[in-house]
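S.K.: Pasting in a structure now, in structure tokens, and then I'll have a few things to ask.
The values are calculated or read from the model by the stated rules, or taken from the named source; none is laboratory data. The structure presented is a predicted model; accordingly, all values stated were derived computationally and were not measured. Virtual Cβ from ideal backbone geometry, glycine too; neighbours counted across all protein chains shown. Protein only, heavy atoms only, side chains kept; ligands, DNA and RNA dropped before computing areas. Shrake-Rupley method; radii C 1.70, N 1.55, O 1.52, S 1.80 Å.
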Amino acid sequence: MIIQPDKPKCNCGIFGIFGSEHASLQTYYGLHALQHRGQEASGIVSKNTNSKGNSVFNIHKGVGLVTEVFADQSIFHSLLPGREAIGHNRYSTTGASKSRKNIQPFVVNYRLGNLAVAHNGNLTNAKKLREELVNEGAIFQTTSDTEVILHLIARSKLDNQIDQIKEALSRIEGAFSLVILTDDKLIAARDNYGFRPLSLGKLNQAYVIASETCSFDLITATFVREVEPGEIVVINNKTLISGIPESYRINNLAYPQKHCIFEYIYFSRPDSFVFGHNVDKMRRRLGKVLARKHPVRDRDGEKVIVISVPDSSNTMALGYQTELEKLDINSKLEIGLIRNHYIGRTFIIPGQEKREMGVRIKFNTVKGVLGGRTVVLIDDSIVRGTTSKQLISLIREAKPKQIHMRISSPPITHPCYYGMDFPSKEELIANRFNVDIDSIKNYLEVDSLEYLTIDEMLEAVAEANSENFCTACFSGKYPSTVDLTLTKEMYEI
Ligand code: SF4
């Protein structure tokens, strides 16, 4: 048994840099800061110029964490030279997860030169486009939807590379934040709805692109702005002199913005600036609204102990407890669960009692904090509910007076077609109990259970304009065309 968190699997993290002496090393650092967005595999493509003046694309990728794939530090100058690089951390949402061929960035050489691409998101019409391309004679190397983008660009009849990219991106649907490296440009692009984040930064003269701004902080790059939904940003040697990146639109159609609200709930790091706001602030607000709507009082008027499921719910718990105080509820934020950070991705539990051991290996309770107390356990979401159930039974062993669970998002009921991987609809705890919160409460064996409603969740992010968010995994209302008669798997290549 391999210990996996009961959370949706995050999509991917992408990074790009143009005009820096240590491009591949900085990409390594950038990817390291984005490790939470994908832990399955990692890759970097760098570009240098050979003695004949031709561009050379160098690549190194492998399975594992960034530090494992790039454990040999000589790689950066020996294998990955050059002033430009892009990188990718992968968690597979489409494409056979075990295949090494599916590790990005992908590189091709075509009529207009070299092209490398790294993608965060999930295309909803990749299967259809792939079939069309195969019928036209295209030969695919991978089973990833991202390769469709490369083929669309490479097979374009247009002569200008930016026009080719515009044409290709006009044909794809779904979620994509992209970094593309060509012989003379670094290109960043974001789908029309802006599902996934993508930011532009500067490091001295060089330009950087990243899924999240926490990777800028690590390399001391400064945030410039976000890549707009539907925008293509082009950085080339002229940009280094003018300081003005070129900007194009994928097309001239108007789309509503539909950012993935799960980036605020769980995926993005709290120290990142995403969709125009600090994630930390939005996450605290989710906790505050949760406290206002669903406060917990001790039945004897004693202090309520607020704890989080570390680490993803820490910020929400902070917001929750602050708001309880404002409501004049005597409370204290405590570290009641200790998480073991050194389990690694492949901790194997041999023998019996696997289920029981899974959560114990990952968490332990601070018994002195919980014993005899009314405990509020804050979690950002519940997916299958199996880990939550085990966690609650672990907390029970510390003999608290009561355990109340508060979830800072609504019940998850629908699949995500835009790059997040939830288990099947049938496995989701909310569906197993027909969204009957009382039945889920009984299953989890807590004294009370409350989620945020969709409206309450949107109230928490109102400053970022509630209209601008995708909430499809909670509501089933998909912002873009999705054929709901097909299962999510049928969408995948
Ligand atoms: S369906 Fe859910 S996880 Fe997917 S993009 Fe929309 S809000 Fe995010």
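S.K.: Counting only DSSP beta bridges with both residues in the chain, what percent are antiparallel, rounded to the nearest 5?
M.R.: 75
S.K.: Divide by every residue of the chain the summed helix terms, -39500 (n - 2.57) for each DSSP H run of at least 4, and state the resulting mean residue ellipticity at 222 nm, rounded to the nearest 500 deg cm²/dmol. Before the final figure, lay out the partial values.
M.R.: On the way: 18 runs with 139 residues, N = 493.
One gets -7500 deg cm²/dmol as the mean residue ellipticity at 222 nm.
S.K.: Is the shape of the stretch 376-493 best called rounded, prolate or oblate, per the rule: a/c under 1.5 gives rounded, else a/b larger than b/c gives prolate, else oblate, with a ≥ b ≥ c the square roots of the Cα gyration tensor eigenvalues? It would help to have the intermediate numbers written out before the result.
M.R.: Working: a/c = 2.63, a/b = 1.55, b/c = 1.70.
Judged from the Cα gyration tensor, the stretch 376-493 comes out oblate (a/c at least 1.5, b/c at or above a/b).
S.K.: With an 8 Å cut-off on Cα pairs and a minimum separation of 6 or more residues, tell me the relative contact order of the stretch 379-448 in percent.
M.R.: On the way: 77 pairs, mean separation 29.3, N = 70.
Normalised by residue count, the contact order of the stretch 379-448 is 42 percent.
S.K.: Diagonalise the Cα gyration tensor of the stretch 98-220 and give the resulting equivalent ellipsoid semi-axes, square root of 5 times each eigenvalue, largest first, whole Å. Could you put the intermediate results ahead of the total?
M.R.: On the way: eigenvalues 125, 54, 39 Å².
Equivalent ellipsoid semi-axes, largest first: 25, 16, 14 Å.
S.K.: Over the chain, average the accessible area per residue using a 1.4 Å probe and give it in Å², no decimals. If you can, show how the numbers build up before the last one.
M.R.: Values: 20050 Å² over 493 residues.
Solvent-accessible surface per residue comes out at 41 Å².
S.K.: Hey, another quick one. Counting alpha carbon pairs within less than 8 Å and at least 6 residues apart, what relative contact order, in whole percent, applies to the chain?
M.R.: Working: 1136 pairs, mean separation 72.9, N = 493.
Relative CO of the chain lands at 15 percent.
S.K.: Can you tell me how the chain classifies by the Cα gyration tensor, rounded, prolate or oblate, using a/c under 1.5 as the rounded cut? Mind dumping the intermediate values first?
M.R.: Values: a/c = 1.89, a/b = 1.81, b/c = 1.05.
Verdict is prolate for the chain.
S.K.: Taking loop as defined by DSSP and a crowding limit of 10 other beta carbons within 10 Å, which GluC sites (Glu not before Pro) in the stretch 46-155 fit?
M.R.: On the way: sites: GLU68, GLU84, GLU131, GLU132, GLU136, GLU147; in loops: GLU136.
Sparse-neighbourhood loop GluC sites (Glu not before Pro): GLU136.
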